[in-house]
Amino acid sequence: MLPTSQYEVQEAVLQSSVPLRVRGGGSKSALSTSSSGEAVLELSSLNGVLEYVPEEFTFTARAGTQLSEIEDMLAQNGQWLPFDPPLGGRGATLGGALAAGLSGPGRYRFGGTRDFVLGVQWVSGTGDLLRGGGRVVKNASGFDFPKMMVGSLGRFGVVTEVTFKVFPVAQQFSTMVLECDSLNDALEAMTRLSSCPLDIFSIDIEPPATLLVRLAGEGRALSLRMRRLGELLGDGEILLGEQEEDLWVQLRDFSWLSPGECLIKVPITPAVIPTLEARLVGEKSQRRYSVGGNLAWIGWHGDVNEIDIILSESNLSGLRVLGSAGAAWVGAPASAMAFARRVKDVLDREGKFLPI
Amino acid sequence: MAARRFLSDLAAIFPSDRLLTERAQLIPYESDALTAFRALPRAVVLPESQDEVIETVQLCYRASIPFVARGSGTSLSGGALPDEDGVVIALNRLNRIIRVDAEHRLAVVEAGVSNLAVSKAAAPYGLYYVPDPSSQSICTIGGNVAFNSGGAHCLKYGMTSNHVLGIKVVLPDGDIVEMGGESLEGVGPDLVGLFVGSEGLFGIALEITLRLLPVPESYRTVLAAYSSMKDAGDTVATVVASGLLPGAIEIMDNLTIQAVEQSFDAGYPTDAAALLIVELEGEANQVEQEFVELEKIINNSAAYSVRSARDDIERSQIWKGRKGAFGALGAITQAYIVQDGVVPRTQLGAVLSEIDELSVQYGLRVANVFHAGDGNLHPNVLYDGSQEGMLERAEQLAGEITKLCVRHGGVITGEHGVGMEKRDYMREMFAEVDLEMMQRLSRAIDPRGIANVGKMFPGQGVPGV
Amino acid sequence: MRHNIPVEHFGVQGVAMATTVENCVHCGLCLPACPTYQLLGQEMDSPRGRIMLMKTALEGSLSVEEVRPFVDKCLGCLSCDAICPSDTHYGELLLSFRAYTEEKGVRGKLPEFLLRSLAVETMSHPARFRIAALLGTLVRPLRALLPDRLGYMLDLLPPMMPTPTRFPEIIPAEGERRARVILLTGCVQSVLSPEINRAAVNVLARNGVEVLVPPGQGCCGALAMHVGNARKARALARKNIRLLTADVDAIITTAAGCGSGISDYKLLFGDASDCHLAAEFAAKVRDVHVFLDDLGLRAQFGKTQSQLLTYHDACHLANAQGIKQAPRRLLKQIPGLELVQLDEVEMCCGSAGLYNIEQPELADQLGSRKAAVVLKSGAAGLVSGNIGCITQIGAHLRSLGNDMPVLHTMEVLDRAYNS
């Protein structure tokens, strides 16, 4: 099925007799690859920007619009989505970014997908074409279905149109790369940053002990701020310009993954990182810790069941992003899944979409 | 279940000094800040532990008795209006700050903790809680969560929902659910996001994990006076277009300025048609650099008087009037209806002119104070309730303004929520199928229809004045 | 807020009461400022709730008896008025409502009423009060055997009753005479702490002020007003109004309670035949801090030590009269004196007129809370501008085992001049 309008999507949902797996650009292979007994609802043709008023700091586009197209459009007007949803280079779409709830390292400063989505048009499992939220940056009317969709993987319904808030893009960036003596040192340095008044854009850790701190700004102020950062952290290499940009693009696009490695997103807190690292070092895996230690990306070479057990043991939940077909969520069950099922019972009574 | 049996069951949970049933005890709870609506509940309970709240909800479920959770009763949309057949669960005593984790930048608090108390507890660590509704000295986190409260800093930092990491909820059927957690990130659907702003229809948040941010190192606050609202609006557009992202951009009209100056001496020029407050915040170096640019913009604008705060005291002075504006209106009018529509920023000028025309048409004054940065208007319709028919006329005008906002591409409420007040206007924004889906969801989570009934959805009864 | 109060039924005070209700927008910003709401955590014991209750009683939908328990617990500290964004003037509603209920003969429970009347009758008359206080100090060892109420009152008495001071009728100015004033000696203060007035006279004289202290003065009526006995309050006030007629630049009071009470004379006298005289009198009354601050201190301080003190704002100075900076400005002129800010600086200490007698448990909680905050500040001494606060906080500090000096601003200045 390749609908080109929301009505065709509605039709597809009503007609379907097997659970639908919704696919945007197929960039998140573990989530887009279907198993038997499913049908794929492909939204790549449901694309196009419907409204963009730069002065309003908002845009509305069809769910199948490619992230790269959006990024270009925004950049031309000096704007962007600061949380930098990943996999744009692999054809990720707006709707997919929303449904998977993925954010890049820029999430640290201003928030992630959930903090920038304003409104959705969506088709429920009951075949209704619905609206939630609005097109303005501040809204308290009705239930917050836009946020509910974030991370819902198309299990409640399929988003056909989405409105996002945007921000003015920063003029310049500068990154300090600090090679620490140990992971604990790196974490401790990160802790020192957490309550200092520096406006930090991203904080990532590349195991074993490399701390990456990114500032956004411009001009003389940026240099002064970098100097302050140095006083706080010590001597690190300072990156600017293209080299700096490349570093973060690579992180965002997961260029550090080895071929054949699958990618798992694991929400985490800094306190738990040492435990996870200790458990995974030596295993066939790579890790990156992003968003100030709130987000772990695990590259996993081995059996999915193994990582499932490892995460469960540490009471961590994970989302498989890149990999083969199979269960989307691994590790400990995400909080409130029983409640989520109650919600699904209303929105998708007949199971037109995959189960939660 | 007979009322008497219900009350005696409540008495098994609460000692007599925390179970209020006499008229003199109940009357102060019959209304929140929207005094046009009043209803006397059967009882008010004052729980001091989460268990007491849970037991009460479970009892209400067994007995099919409606309940309304109340924080400090500061809702401007009637969110804490009691149900005459039900009980008010006053949560102001459920007020422990369970912990502040400076390293992870979070605080775990009970529902009755006041908004400002969170920032006070975080202050020793150089952190604060960002959402700052004007009622923050007394409004509770529980209430903020229920209504997704905003404040003046929403353009840059978002609303309550963007600062809640996790919640422990008692559902209307008495089940306990923990949503979210301590991480900024999550997997699975954003149920916390769904719960925040559900206006009490999904149960009661008992314990909330909040995100904290570092206290801005430096503020630069500018107050500029304009002889026309249009000029003020244009300046806002220029500021925003320049790429600056101020922490707050506020505008007050002349009527509001007069009310404020009459109530307290904020030092606002009383002849200004519009006063603009722009505040930059962040690292000192960055703010100073941005301030140079902001100054240029303001000085090149049509402002006839500009004042910049040189220290904290002057900053408080500039904000004092704005923060007390709603209350100050009480000095120039017997009563008023606060509206809360949002419009796309580029539509502000057009909408304000139309509000002016409507005001003339209805013969009622409208005092405008608004968050110009995010397009959230607060047109306050002033009226004298002692005069026959005035309340009705004021309500009509308020309704027209709300509809006007939606017509221009906006929404009916930016931060006060729908509550009692804007139920009927939900139809302006949402199609029947949208409302049906929301109500279906509400009924699934609240099968006996006891959680804050009568709110949010159109076509329901109204407790009178 | 809308209301159906039949304003005409309540005479002149009806308008004041109705206006308060009208101005209140029910926003709740008064709740965090209200000591009883902080302690009791229920809406009926907040200004917003009390306005609602008084409104309902005035409308006739609730009886005064039903509303009284909550209105009675109000301290009258006016912290709510100070913070209200809407100019509500809760204090006027409270004063008028209490006067109305007294007139109606709704006196509450008999023992309470007797106790209150006894208190007013005693405390408003220095001679009687002195005897009562002396007796009190005598029975203090038997405190454990006495009913709690009396016990609380006894706790407030100073360790030793001071000898009374008899002032000369005229105290000349030192050096060039810059002003001429009458000193209001007050009632309770002149018995419990005559040294405050002595200090004030000294400070005034040193700064070139001639002070008249006419004998035969009495209570200004504030206490009686506070409990709603308007008739008695007017009677007491008239005594002073008729006596203190000398031609002076100001009539000085060192007691915040008096200054505040006198500023309410207009409301108290309403449309009585001598309301003009009362208003004229009130217009001449100045709090000693404001007077000295305006005049400017000129006298030389002695050799002062460095000291860390903290200043407690009496509600009747800060909230009722808006006097906050003048006392601080005066203190900061003393060389070596450093002032540290108290936490919860706006919260009432619980003294509030007869509150200690009427609501001893709450007064006790507030007093302890204030004493704890004073100890936390690290100050070596407490300064305040009101005898009630000085008595209350002093007693609670002592019960915590701390004997730091608790002094009136005038005493601190006087000591600095004498050192």
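General remarks:
- Selection count, region B:198-235, where residues are of a type in the set (A, V, I, L, M, F, W, C), farther than 30 Å from B:Tyr268 by Cα and either assigned to a helix (DSSP H, G or I) or away from chain A (no Cβ under 12 Å) (or both): 5
- Residue check: A:Ser141 meets all listed conditions (1) outside any loop (DSSP other than H, G, I, E, B); (2) assigned by TED's automatic domain parsing to the domain that holds A:Val53 but one, namely (1).
- Filtered residue count, region C:209-239, keeping only those that are in contact with a strand residue (DSSP E or B) (Cβ under 9 Å, 6 or more places away or on another chain) and surrounded by fewer than 24 Cβ atoms within 10 Å (Cβ to Cβ): 5
- From the list B:Ser49, B:Ser77, the lone residue that is more than 14 Å from B:Gly174 (Cβ to Cβ), polar (S, T, N, Q) and at pLDDT 95 or above is B:Ser49.
- Every residue from region A:313-350 that is modelled with pLDDT under 95 and hydroxyl-bearing (Ser, Thr, Tyr): A:Ser314, A:Ser324, A:Ser335
- Residue ID - surrounded by the most Cβ atoms within 10 Å (Cβ to Cβ), chosen from residues in region C:373-399 that are out of contact with any helix residue (DSSP H, G or I) (no Cβ under 9 Å at 6 or more places or on another chain) and not in a helix (DSSP H, G or I): C:Ala379
- Of the residues making up region A:89-109, one or more are basic (Lys, Arg), more than 8 Å from every other protein chain (Cβ to nearest Cβ), closer than 17 Å to A:Leu43 by Cα and in a helix (DSSP H, G or I).
- Contacts under 9 angstrom Cβ, first residue in region B:79-102 being closer than 10 Å to B:Pro66 by Cβ and surrounded by fewer than 18 Cβ atoms within 10 Å (Cβ to Cβ), partner among the charged types (D, E, K, R) and at pLDDT 95 or above, 6 or more apart: B:Glu84/B:Arg42; B:Asp85/B:Arg42
- Applying the criterion of at least 2 residues that are over 18 Å from the mean Cα position of the chain (by Cα) and more than 14 Å from chain B (Cβ to nearest Cβ) to the strands (runs of 3 or more DSSP E) found wholly in region A:245-356 leaves A:285-290.
- Sole residue being of a type in the set (Lys, Arg), within 21 Å of the chain's Cα centre (by Cα) and within 14 Å of chain C (Cβ to nearest Cβ), chosen from B:Arg23, B:Arg38, B:Arg18, B:Arg96: B:Arg38
- Residue among C:Phe129, C:Phe113, C:Phe97 that is aromatic (Phe, Trp, Tyr), part of a helix (DSSP H, G or I) and more than 23 Å from C:Ala256 (Cα to Cα): C:Phe113
- Region C:400-418, subset among the aliphatic types (A, V, I, L, M) and surrounded by fewer than 22 Cβ atoms within 10 Å (Cβ to Cβ), residue nearest to C:Phe291 (Cα to Cα): C:Met404
- Close Cβ contacts (under 7 Å, 6 or more residues apart or on different chains) running from residues in region A:203-228 that are among the basic types (Lys, Arg) to residues that are surrounded by 23 or more Cβ atoms within 10 Å (Cβ to Cβ) and assigned to a strand (DSSP E or B) comprise A:Arg214/A:Thr175; A:Arg214/A:Ser202; A:Arg225/A:Leu215; A:Arg225/A:Gly217.
- Residue in region C:222-232 that is aliphatic (A, V, I, L, M) and in contact with a Phe, Trp or Tyr (Cβ under 6 Å, 6 or more places away or on another chain) present: no
- Residues of region B:253-276 satisfying the condition of being in contact (Cβ under 8 Å) with a residue 24 or more places away in the chain and closer than 18 Å to B:Ala309 by Cα: B:Ala266, B:Gly267, B:Tyr268, B:Pro269, B:Leu275, B:Leu276
- Candidate set from region B:51-93 (those that are of a type in the set (Gly, Ala, Ser) and more than 14 Å from every other protein chain (Cβ to nearest Cβ)); member that is nearest to B:Gly461 (Cα to Cα): B:Gly86
- Within region A:151-164, not a single residue is free of Cβ contacts under 8 Å to residues at least 40 places away in the same chain and at the interface with chain B (Cβ under 9 Å from one of its Cβ atoms).
- The one condition in (1) more than 30 Å from A:Thr163 (Cβ to Cβ); (2) within 14 Å of chain C (Cβ to nearest Cβ) that B:Ile337 fails to fulfil: (1)
- Test: residue in region B:26-35 that is within 30 Å of B:Ser183 (Cα to Cα), surrounded by 24 or more Cβ atoms within 10 Å (Cβ to Cβ) and either of a type in the set (Gly, Ala, Ser) or touching a strand residue (DSSP E or B) at 6+ places or on another chain (Cβ under 6 Å) (or both): no
- Flag: A:Ile309 does not match the condition of being surrounded by 18 or more Cβ atoms within 10 Å (Cβ to Cβ), farther than 21 Å from A:Pro86 by Cβ, of a type outside the set (Phe, Trp, Tyr) and not assigned by TED's automatic domain parsing to the domain that holds A:Ser17.
- Of the residues screened, C:Leu183 is one that is aliphatic (A, V, I, L, M), at pLDDT 85 or above and surrounded by 23 or more Cβ atoms within 10 Å (Cβ to Cβ).
- Filtered residues of region B:383-437 (kept if on the phi > 0 side of the Ramachandran plot and within 8 Å of another protein chain (Cβ to nearest Cβ)): B:Gly409, B:Gly417
- Of everything in region B:175-197 that is in contact (Cβ under 8 Å) with a residue 60 or more places away in the chain and within 7 Å of another protein chain (Cβ to nearest Cβ), the residue that is surrounded by the fewest Cβ atoms within 10 Å (Cβ to Cβ) is B:Glu182.
- Residue list for region B:142-158, restricted to those being more than 7 Å from chain A (Cβ to nearest Cβ) and farther than 28 Å from B:Val87 by Cβ: B:Gly151, B:Ala152, B:His153, B:Lys156, B:Tyr157
- Top-ranked residue of region B:352-368 - restricted to ones that are of a type in the set (Gly, Ala, Ser) and out of contact with any helix residue (DSSP H, G or I) (no Cβ under 6 Å at 6 or more places or on another chain), ranked as farthest from B:Gln396 (Cα to Cα): B:Ser353
The values are calculated or read from the model by the stated rules, or taken from the named source; none is laboratory data. Computed from a predicted model, the values in this text were never measured in an experiment. Ideal geometry is used to build each Cβ from the backbone, glycine not excepted, and the neighbour counts take in all protein chains shown.
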